[in-house]
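S.K.: For reference, the structure I am asking about is given below.
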Amino acid sequence: MAKSPDQEHPQKAFGWAARDKSGLFSPFHFSRRENGDEDVTIKILFCGVCHSDVCIAKNEWGFTNYPVVPGHEIVGTVTTVGSNVKKFKVGERVGVGVIVGSCKKCESCQQDLENYCPQTIFTYNSHYTDGAKTYGGYSDMIVVDERYVLHFPDNLPSEGGAPLLCAGITVYSPMKYYGMTEPGKHLGVAGLGGLGHVAVKMGKAFGLKVTVISSSPKKEAEAIERLGADSFLVTSDPTKMKAALGTMDYIIDTVSAVHALFPLLSLLKPNGKLVTVGLPDKPLELPIFPLVLGRKLVGGSNIGGMKETQEMLDFCAKHGITADVEVIRMDYLNTAIERLAKSDVRYRFVIDVASSLSQ
Amino acid sequence: MAISPENEHPVKAFGWAARDSSGHLSPFKFSRRATGEKDVNFKILYCGICHSDLHSAKNEWGITSYPIVPGHEIVGVVTEVGSKVTKFKVGDKVGVGCLVGSCHSCANCKDDLENYCPKMILTYGAKYYDGTTTYGGYSDIMVSDEYFVIKIPDNLPLDGGAPLLCAGITVYSPLKYYGLDKTGMHLGVVGLGGLGHMAVKFAKAMGLKVTVISTSPNKKKEAMEHLGADGFLISRNTEEIQSAMGTMDGIIDTVSAVHALLPLIGLLKTNGKLVIVGAPEKPHELPAMPLLMGRKIVGGSCIGGIKETQEMIDFAAKHNIVADIEVIPMDYVNTAMERLLKADVKYRFVIDIANSLKPF
């Protein structure tokens with residue numbers, strides 16, 4: 001008979017899990033493996049709530065294995081290090097993001113692109129090679145191979161820094177890869193949520209002119225006055241959209257609902273690049289003429305490798321970039337998720353795990 | 001009353017035009033402007049038949065004004081040059097492709113990307129700077145601003161070289177721009193027609209491994225033995241496609257009908273690039289997940305600028321690359337168009353203008 005989650009491994013752990021596609025969370029006892037030679041055990045302080053956590057909790061992508069403990073924007077302190085661990089010491093503040101394992105041998109892994117390894121092991125809802133399920137950061141502690149742990153820069157606050165581990169790298173990586181870093185160029189950011197607001201901040205740090213493209217006019221004042229965007233474009237305003245045609249060098253599209261690409265492609269200059277990082281659950285319609293006549297492209301990107309994630313954290317520490325967060329208690333989680341579904345958050349919930357997760 | 005095409009300009013010209021959306025071509029008298037100080041006037045020897053000529057003749061894109069004289073793969077011999085022309089002289093072998101004008105002042109023009117100039121003037125069916133209609137190469141003579149004239153090297157055959165001016169540059173430009181030009185890379189080519197066969201030849205000359213992806217099994221032998229392709233996949237054979245997943249650095253997609261992009265995206269390695277140069281009249285469906293999960297891109301490309309077109313012609317001359325063609329007389333053109341619709345040509349028709357275009 002299969003072992004129950006709390007007996008599967010030697011170290012006791014406690015968190016909140018979703019048990020079915022209602023996506024409702026409730027307390028959950030489980031266990032973690034013994035700290036191995038390459039491992040680091042981390043007491044979790046904070047964990048960001050990513051929209052992907054909700055999609056998985058509700059089985060919107062069809063591959064959830066219940067019960068699931070989400071959470072891949074984890075900040076904590078090291079409590080144990082394995083005998084071969086070189087990079088970390090007890091007491092240090094660290095982060096864990098979306099990946100906790102990869103094959104380490106393939107071309108992607110060898111190029112520090114563990115995020116494109118065909119055998120990536122995700123922080124939650126995934127399996128280790130020995131078959132053990134992975135559980136994420138809505139919990140009190142986690143054991144991770146040191147390769148997949150990040151140093152958390154001293155001057156980066158835990159609460160505001162946690163979301164960088166997924167939202168931050170998800171926009172930083174394509175901005176570097178697709179060359180969206182030349183000062184003076186014009187970046188459009190479609191969607192102003194967890195990903196979008198970090199993209200605005202990074203865009204400004206790269207010296208770009210940034211325009212937020214949104215369906216909600218009420219986000220304008222915030223975008224310009226607080227986040228530092230240079231302008232704001234409401235997609236349902238035909239006059240403003242027309243005036244902005246062919247003005248952008250690149251667009252990061254963070255919108256996760258199915259939406260029309262044609263208006264976004266039209267905003268690009270010739271040779272412009274539209275990079276999509278949102279994950280709609282159905283295919284999008286791709287009109288070919290704008291691509292061909294303007295030599296434009298649509299690209300994708302998925303988080304980033306470990307080396308680049310560390311680079312991103314250091315970049316954010318240097319430029320004072322953190323996410324705008326609303327810190328919540330663990331037992332507020334279900335309400336937070338309802339609000340997240342209505343985009344009612346500026347711009348990431350972060351669970352104060354250490355102070356509020358009690359058995 | 002509007003001036004008739006014959007009397008619009010001082011120099012008499014003769015060609016074949018489509019007069020309505022049946023696309024049927026027939027003899028047509030018109031005229032060309034006098035050779036201006038920056039113009040080159042040349043006698044047309046050959047003109048390639050591009051599938052775009054057919055789309056335009058039948059008004060499939062909804063923008064055609066009749067009568068239309070198609071043809072934008074034009075080669076010939078210079079007969080007259082304007083007083084300020086510096087690059088050409090009488091007797092030179094020259095060509096004109098898809099463009100005869102642009103604004104020369106926008107950022108694209110300054111980057112030698114006249115093909116992305118918002119005011120670019122197409123060789124046929126467009127309005128020239130003086131407001132008159134442009135007529136293409138299914139005709140006896142051509143007058144063009146020297147800026148848009150391409151020099152044809154002596155060792156490049158004119159008949160096989162003509163299709164390079166559209167088909168050639170259409171595939172050469174994205175191979176360079178998207179970095180799919182490095183020895184040892186693996187390129188997929190979807191569709192084996194005018195564009196596709198040129199992509200195979202250019203890519204082989206650049207040292208790439210090339211796999212043709214096609215719906216027609218009967219093109220396999222030709223692709224591998226004659227064009228030099230290294231592999232051939234039947235797109236409807238799911239096993240063959242499965243076995244090639246994640247093996248290609250890039251794919252040039254020349255197919256002009258709507259078709260599934262998902263299997264093609266799957267054939268790409270991580271960071272792979274799917275470049276679309278065929279233009280279907282309806283949108284494709286784009287699944288976002290596979291793009292994200294492999295950091296892949298879908299990009300487009302449209303012909304090339306003049307500087308790059310010259311570079312491509314010189315590259316082709318150096319590597320002895322010409323199109324595979326079937327030379328036809330002018331009065332065969334309507335039959336050729338019907339055969340082109342059925343993809344019944346290996347791989348471009350080229351009209352032998354000089355020997356078969358006779359004024360009535």
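S.K.: Does A:THR129 qualify as being more than 14 Å from chain B (Cβ to nearest Cβ), on the phi < 0 side of the Ramachandran plot and in a strand (DSSP E or B)? Steps first, answer last, please.
M.R.: Details: more than 14 Å from chain B (Cβ to nearest Cβ): yes; on the phi < 0 side of the Ramachandran plot: yes; in a strand (DSSP E or B): no.
The answer is no for A:THR129.
S.K.: When the residues of region A:195-249 are narrowed to those that are part of a helix (DSSP H, G or I), in contact with a strand residue (DSSP E or B) (Cβ under 7 Å, 6 or more places away or on another chain) and not charged (D, E, K, R), which ends up farthest from A:GLY179 (Cα to Cα)?
M.R.: A:PRO217
Here is a yes/no grid of residues against (1) out of contact with any Leu (no Cβ under 8 Å at 6 or more places or on another chain); (2) within 14 Å of B:LEU291 (Cα to Cα); (3) charged (D, E, K, R):
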residue	(1), (2), (3)
A:ASP253	no, yes, yes
A:LEU267	no, no, no
A:LYS273	no, yes, yes
A:GLY278	no, yes, no
A:PRO283	no, yes, no
A:ALA317	no, no, no
A:LEU340	yes, no, no
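S.K.: Among (1) within 14 Å of chain B (Cβ to nearest Cβ); (2) surrounded by 15 or more Cβ atoms within 10 Å (Cβ to Cβ); (3) out of contact with any strand residue (DSSP E or B) (no Cβ under 8 Å at 6 or more places or on another chain), there is one condition A:GLY23 misses while meeting the rest; what is its number?
M.R.: (1)
S.K.: Any chance region A:44-65 includes a residue that's over 19 Å from the mean Cα position of the chain (by Cα) and either buried (at least 22 other Cβ atoms within 10 Å of the Cβ) or among the hydroxyl-bearing types (Ser, Thr, Tyr) (or both)?
M.R.: Looking for residues that are over 19 Å from the mean Cα position of the chain (by Cα) and either buried (at least 22 other Cβ atoms within 10 Å of the Cβ) or among the hydroxyl-bearing types (Ser, Thr, Tyr) (or both), one finds none in region A:44-65, hence no.
For (1) part of a helix (DSSP H, G or I); (2) under 20 Å from B:ASP130 (Cα atoms); (3) at pLDDT 95 or above; (4) not small (Gly, Ala, Ser), each residue gets a yes or a no:
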{"site": "B:GLY15", "(1), (2), (3), (4)": "no, no, yes, no"}
{"site": "B:GLY36", "(1), (2), (3), (4)": "no, yes, yes, no"}
{"site": "B:LYS43", "(1), (2), (3), (4)": "no, no, yes, yes"}
{"site": "B:CYS47", "(1), (2), (3), (4)": "no, no, yes, yes"}
{"site": "B:ASN59", "(1), (2), (3), (4)": "no, no, no, yes"}
{"site": "B:THR64", "(1), (2), (3), (4)": "no, yes, no, yes"}
{"site": "B:VAL75", "(1), (2), (3), (4)": "no, no, yes, yes"}
{"site": "B:LYS87", "(1), (2), (3), (4)": "no, no, yes, yes"}
{"site": "B:VAL90", "(1), (2), (3), (4)": "no, no, yes, yes"}
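S.K.: Which pairs do you get when a residue that is more than 7 Å from chain A (Cβ to nearest Cβ), found in region B:276-292, comes within reach of a residue that is among the aliphatic types (A, V, I, L, M), reach meaning Cβ atoms under 6 angstrom, with the pair 6+ apart or on two chains?
M.R.: So the pair list comes out as B:GLY278/B:VAL255; B:LYS282/B:VAL258; B:PRO290/B:ILE265.
S.K.: Now for a separate question. What are the residues in region B:119-134 that are in contact with a helix residue (DSSP H, G or I) (Cβ under 8 Å, 6 or more places away or on another chain) and either away from every other protein chain (no Cβ under 14 Å) or not aliphatic (A, V, I, L, M) (or both), if any? Walk me through how you get there before you give the answer.
M.R.: Narrowing region B:119-134 to residues in contact with a helix residue (DSSP H, G or I) (Cβ under 8 Å, 6 or more places away or on another chain): B:120, B:124-125, B:132-133.
Listed by number, the residues that qualify are B:TYR124, B:GLY125, B:THR132, B:THR133.
S.K.: Looking only at residues in region A:143-157 that are within 16 Å of A:THR309 (Cβ to Cβ) and in contact with a strand residue (DSSP E or B) (Cβ under 7 Å, 6 or more places away or on another chain), which one is surrounded by the fewest Cβ atoms within 10 Å (Cβ to Cβ)? Show your work before the answer.
M.R.: First, the residues of region A:143-157 that are within 16 Å of A:THR309 (Cβ to Cβ): A:144-153, A:156.
Those left that are additionally in contact with a strand residue (DSSP E or B) (Cβ under 7 Å, 6 or more places away or on another chain): A:144-146, A:148-152.
On the way: A:VAL144: 22, A:ASP145: 20, A:GLU146: 18, A:TYR148: 19, A:VAL149: 26, A:LEU150: 23, A:HIS151: 14, A:PHE152: 24.
That would be A:HIS151.
S.K.: Something else now. Considering only region B:179-201, I want to know if a residue exists there that is within 19 Å of the chain's Cα centre (by Cα), surrounded by fewer than 21 Cβ atoms within 10 Å (Cβ to Cβ) and modelled with pLDDT of 95 or more.
M.R.: No, there is no match, as no residue in region B:179-201 is within 19 Å of the chain's Cα centre (by Cα), surrounded by fewer than 21 Cβ atoms within 10 Å (Cβ to Cβ) and modelled with pLDDT of 95 or more.
S.K.: From the list B:GLY76, B:GLY23, pick out the single residue that is crowded, with 22+ Cβ neighbours inside 10 Å and in contact with a strand residue (DSSP E or B) (Cβ under 6 Å, 6 or more places away or on another chain).
M.R.: B:GLY76
S.K.: Oh, and also: Just name the residue that is nearest to the other protein chains (Cβ to nearest Cβ) out of those in region A:304-343 that are basic (Lys, Arg) and within 20 Å of A:VAL255 (Cβ to Cβ). It would help to see each step written out before you state the result.
M.R.: At the first step, the residues of region A:304-343 found to be basic (Lys, Arg) are A:307, A:318, A:329, A:339, A:342.
With the extra rule that they be within 20 Å of A:VAL255 (Cβ to Cβ), the set shrinks to A:339, A:342.
Details: A:ARG339: 25, A:LYS342: 23 Å.
Looking at the filtered set, the residue picked out is A:LYS342.
S.K.: Something else: Looking only at region A:257-266, filter to residues that are of a type in the set (A, V, I, L, M) and either at the interface with chain B (Cβ under 7 Å from one of its Cβ atoms) or more than 15 Å from B:SER301 (Cβ to Cβ) (or both); which one of those is surrounded by the fewest Cβ atoms within 10 Å (Cβ to Cβ)? Please lay out each step first, then the result.
M.R.: Going through region A:257-266, the residues of a type in the set (A, V, I, L, M) turn out to be A:257-258, A:260-261, A:264-265.
From the residues that got through so far, the ones that are either at the interface with chain B (Cβ under 7 Å from one of its Cβ atoms) or more than 15 Å from B:SER301 (Cβ to Cβ) (or both) too are A:257-258, A:260-261, A:264.
Working: A:ALA257: 10, A:VAL258: 13, A:ALA260: 12, A:LEU261: 22, A:LEU264: 23.
In this case the residue turns out to be A:ALA257.
S.K.: While we're looking at this one, here's another question. Out of region A:267-303, which residues are facing chain B (nearest Cβ under 7 Å) and assigned to a helix (DSSP H, G or I)?
M.R.: Matches in region A:267-303: A:ILE288, A:PHE289, A:LEU291, A:VAL292, A:LEU293, A:GLY294.
S.K.: Next question, about the same structure. How about region B:285-311: which of its residues are within 25 Å of B:TRP61 (Cβ to Cβ) and either modelled with pLDDT of 95 or more or under 22 Å from the mean Cα position of the chain (by Cα) (or both)? Even if it seems obvious, please write down each step before you answer.
M.R.: Kept after step one, since they are within 25 Å of B:TRP61 (Cβ to Cβ), are these residues of region B:285-311: B:285-286, B:298-306, B:308-309.
Of everything in region B:285-311, those that are within 25 Å of B:TRP61 (Cβ to Cβ) and either modelled with pLDDT of 95 or more or under 22 Å from the mean Cα position of the chain (by Cα) (or both) turn out to be B:VAL298, B:GLY299, B:GLY300, B:SER301, B:CYS302, B:ILE303, B:GLY304, B:GLY305, B:ILE306, B:GLU308, B:THR309.
S.K.: Considering only region B:203-290, give the strands (runs of 3 or more DSSP E) lying wholly within it that have at least 1 residues that are closer than 19 Å to A:GLY300 by Cβ. If you could, list the steps in order and put the result at the bottom.
M.R.: On the way: elements: B:209-214, B:231-234, B:248-253, B:268-276, B:284-286.
Per the criteria, B:248-253, B:268-276, B:284-286.
S.K.: Another question, then. Taking the residues in region B:112-121 that are in contact (Cβ under 8 Å) with a residue 24 or more places away in the chain and part of a loop (DSSP other than H, G, I, E, B) as candidates, determine which candidate is surrounded by the most Cβ atoms within 10 Å (Cβ to Cβ).
M.R.: Taking the candidates together, the pick is B:LEU113.
S.K.: Now for a separate question. Within region B:312-335, is there a residue that is within 14 Å of chain A (Cβ to nearest Cβ), surrounded by 17 or more Cβ atoms within 10 Å (Cβ to Cβ) and touching a Phe, Trp or Tyr at 6+ places or on another chain (Cβ under 8 Å)? Talk me through it step by step, then tell me what you get.
M.R.: Going residue by residue through region B:312-335, those that are within 14 Å of chain A (Cβ to nearest Cβ) are none.
No, every residue in region B:312-335 fails to be within 14 Å of chain A (Cβ to nearest Cβ), surrounded by 17 or more Cβ atoms within 10 Å (Cβ to Cβ) and touching a Phe, Trp or Tyr at 6+ places or on another chain (Cβ under 8 Å).
S.K.: Still on this structure: Any idea which residue in region A:245-254 is surrounded by the fewest Cβ atoms within 10 Å (Cβ to Cβ), counting only those that are more than 10 Å from chain B (Cβ to nearest Cβ) and closer than 23 Å to A:CYS166 by Cβ?
M.R.: A:THR254
S.K.: Same structure, new question: Please work out which residue is surrounded by the fewest Cβ atoms within 10 Å (Cβ to Cβ), limiting yourself to region A:93-126 and to residues that are away from chain B (no Cβ under 14 Å) and touching a residue at least 60 places away in the same chain (Cβ under 8 Å).
M.R.: Among those residues, the one meeting the criterion is A:ARG93.
The rows are residues; the columns are (1) out of contact with any His (no Cβ under 6 Å at 6 or more places or on another chain); (2) among the β-branched types (Val, Ile, Thr); (3) buried (at least 16 other Cβ atoms within 10 Å of the Cβ); (4) under 30 Å from B:GLY272 (Cα atoms).
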{"residue": "A:LEU284", "(1), (2), (3), (4)": "yes, no, yes, yes"}
{"residue": "A:PRO287", "(1), (2), (3), (4)": "yes, no, yes, yes"}
{"residue": "A:VAL298", "(1), (2), (3), (4)": "yes, yes, yes, yes"}
{"residue": "A:ILE303", "(1), (2), (3), (4)": "yes, yes, yes, yes"}
{"residue": "A:GLU308", "(1), (2), (3), (4)": "yes, no, yes, yes"}
{"residue": "A:ALA317", "(1), (2), (3), (4)": "yes, no, yes, no"}
{"residue": "A:ILE321", "(1), (2), (3), (4)": "yes, yes, yes, no"}
{"residue": "A:ILE351", "(1), (2), (3), (4)": "yes, yes, yes, no"}
{"residue": "A:LEU357", "(1), (2), (3), (4)": "yes, no, yes, no"}
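The values are calculated or read from the model by the stated rules, or taken from the named source; none is laboratory data. Everything numeric in this text was worked out from a predicted model, so none of it was measured. Note that we place each Cβ from the backbone using ideal geometry, even for glycine, and neighbour counts take in every protein chain shown.
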